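**Student:** First the structure, then my questions, so here it is.
The values are calculated or read from the model by the stated rules, or taken from the named source; none is laboratory data. Values in this document were obtained by computation on a predicted structure and should not be read as measured data. Here Cβ is always computed from backbone atoms with ideal geometry, including for glycine, and neighbour counts include all displayed protein chains.
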Amino acid sequence: MSSTQGEVLVVGGGVIGTTSAFRLARAGWRVTLFDPAPGSGATWAAAGMIAPSAEVSPGEEDNFKLHRGALAAWRDVASDILDQTGATLDLFETGTLLVGYDASDRRLVDQFELVAKSFGVQPQHVTRVSHEALFESVSPRVHEGLLFNEDAWLDPDQAIELLTSANASLGVSVVRQQVLTATTSGDHVEVTTADATFRGDVGILATGARPLPHGVAEKVANTVRPVRGMTVRVQGVDRSALPTLRAYVRGRSFYMVSRPGGYCVLGASSDEQEELIVEVGELQRLLRDALDVVPSLESAAIVETRQGLRPASKDLAPFIETVDERWAWLSGHYRHGVTLAPLAAQEAQSFAQGLR
Ligand SMILES: Cc1cc2nc3c(=O)[nH]c(=O)nc-3n(C[C@H](O)[C@H](O)[C@H](O)COP(=O)(O)OP(=O)(O)OC[C@H]3O[C@@H](n4cnc5c(N)ncnc54)[C@H](O)[C@@H]3O)c2cc1C
């Protein structure tokens, strides 16, 4: 850890802002983090998958290459949290099993395999006969799948909790207010809330899919749009020692992240909407897909639903935009913000140190 470097103002306390604050504070910056409700945005809804290989999409090879470094970056964050607080951030490196529900879904799995291989991923073909245990709780009509060993997951609630306590031990101040304006004035940045004005040397904007504060908002070139997503949390099926289950079901994507003790995150819906409501049809489709792939969920208890807005850029790629020499905007992490948070934090640190 180096000595004090100056003061950074971080606007937005989702996984991107909170991880950035941690990295900057560890590097010796004095950090003030602004958020009326830290951890309550898209991060709250996220399943927490760090799944570079099971998330490949045609045309997204650059994203995929970026994602491949994410798990190693999370291991470093976990080690820094341990060093800072003595607490362990659990990274579950269980891999992913991808299956298709019916014949046309199996064709989608085949197509997915072609894209994955073109990116250099080598999934393993597995069948119920060769790897019976992997198919525990999976519908008996599913006989085969692809196994991706490089994938992992974490619990975003735990990550935010541990990062927040690590930040507190590093002296990061948290201002639980919305930032109304963010500007540059001479050799400093300035932020206003309803109650006060704050000054710093450098500013990081990490407001997810939400509009930027006035001042910087009028200066940026990028745009992000909110893509609503929902996860349903249930209690009752424990596949936690097994790979995360992903499936195509009648052409839609479904996943189940199973945590120790039988708590499962089922996901996820995706809509070009920003109103944070649970639509009946959306919930019904997700639960129908879930029951088709994992019939034993029939008797699981619904714990809660969570909704969030994924920040999607025009090309669906994450970005760091240099707004001016003192402000940078980190966004566009779309479906992968949890995965990419440690890498975004590295970008934030490089910007603050004038390295980009
Ligand atoms: C259903 C769902 C499932 C997902 N699953 C995964 C997954 O498995 N793996 C993965 O990698 N990604 C996943 N994602 C994507 C991931 O959640 C997002 O990419 C990530 O959370 C974005 O983080 P963020 O910090 O940029 O935004 P957010 O988490 O939305 O945080 C932004 C924060 O900024 C604050 N804020 C906004 N405006 C202001 C202001 N003016 N002043 C102060 N504070 C402000 C908000 O209160 C909020 O807390 C999922 C997303 C959804 C919706």
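**Student:** I want to confirm something. Restricting to segment 176-196 and keeping residues that are touching a Gly at 6+ places or on another chain (Cβ under 6 Å) and hydrophobic (A, V, I, L, M, F, W, C), which single residue is farthest from the ligand (Cβ to nearest atom)?
**Tutor:** VAL189
**Student:** Turning to a different aspect of this structure: Could you tell me which residue of segment 197-218 is nearest to ILE320 (Cα to Cα), considering only residues that are touching a Ser or Thr at 6+ places or on another chain (Cβ under 8 Å) and near the ligand (Cβ under 7 Å from one of its atoms)?
**Tutor:** ALA206
**Student:** Only one residue in LEU286, LEU276, LEU340 is aliphatic (A, V, I, L, M), in contact with a Phe, Trp or Tyr (Cβ under 8 Å, 6 or more places away or on another chain) and within 11 Å of the ligand (Cβ to nearest atom), so which one is that?
**Tutor:** Result: LEU286 is the single residue among LEU286, LEU276, LEU340 that is aliphatic (A, V, I, L, M), in contact with a Phe, Trp or Tyr (Cβ under 8 Å, 6 or more places away or on another chain) and within 11 Å of the ligand (Cβ to nearest atom).
**Student:** Filter segment 233-276 for residues that are within 16 Å of ALA46 (Cα to Cα) and among the hydrophobic types (A, V, I, L, M, F, W, C) and give the result.
**Tutor:** VAL234, LEU245, PHE254, MET256, VAL257, CYS264, VAL265, LEU266, ALA268, LEU276 - these are the residues of segment 233-276 that are within 16 Å of ALA46 (Cα to Cα) and among the hydrophobic types (A, V, I, L, M, F, W, C).
**Student:** Moving to a separate point now. Out of LEU146, LEU154, LEU134, LEU212, which single residue is among the hydrophobic types (A, V, I, L, M, F, W, C), farther than 30 Å from GLU113 by Cβ and modelled with pLDDT of 95 or more?
**Tutor:** Step by step, each of LEU146, LEU154, LEU134, LEU212 is checked, and only LEU212 is among the hydrophobic types (A, V, I, L, M, F, W, C), farther than 30 Å from GLU113 by Cβ and modelled with pLDDT of 95 or more.
**Student:** Residue check: is GLY267 assigned by TED's automatic domain parsing to the domain that holds SER104, within 11 Å of the ligand (Cβ to nearest atom) and surrounded by 14 or more Cβ atoms within 10 Å (Cβ to Cβ)?
**Tutor:** yes
**Student:** If you go through segment 186-209 one residue at a time, do you hit one that is under 22 Å from the mean Cα position of the chain (by Cα), surrounded by 18 or more Cβ atoms within 10 Å (Cβ to Cβ) and at positive phi?
**Tutor:** Yes.
**Student:** Hey, which of the helices (runs of 4 or more DSSP H) in segment 1-105, taking only ones fully inside, have at least 3 residues that are within 14 Å of the ligand (Cβ to nearest atom) and out of contact with any Gly (no Cβ under 8 Å at 6 or more places or on another chain)?
**Tutor:** Qualifying helices (runs of 4 or more DSSP H): 15-26, 61-68, 70-85.
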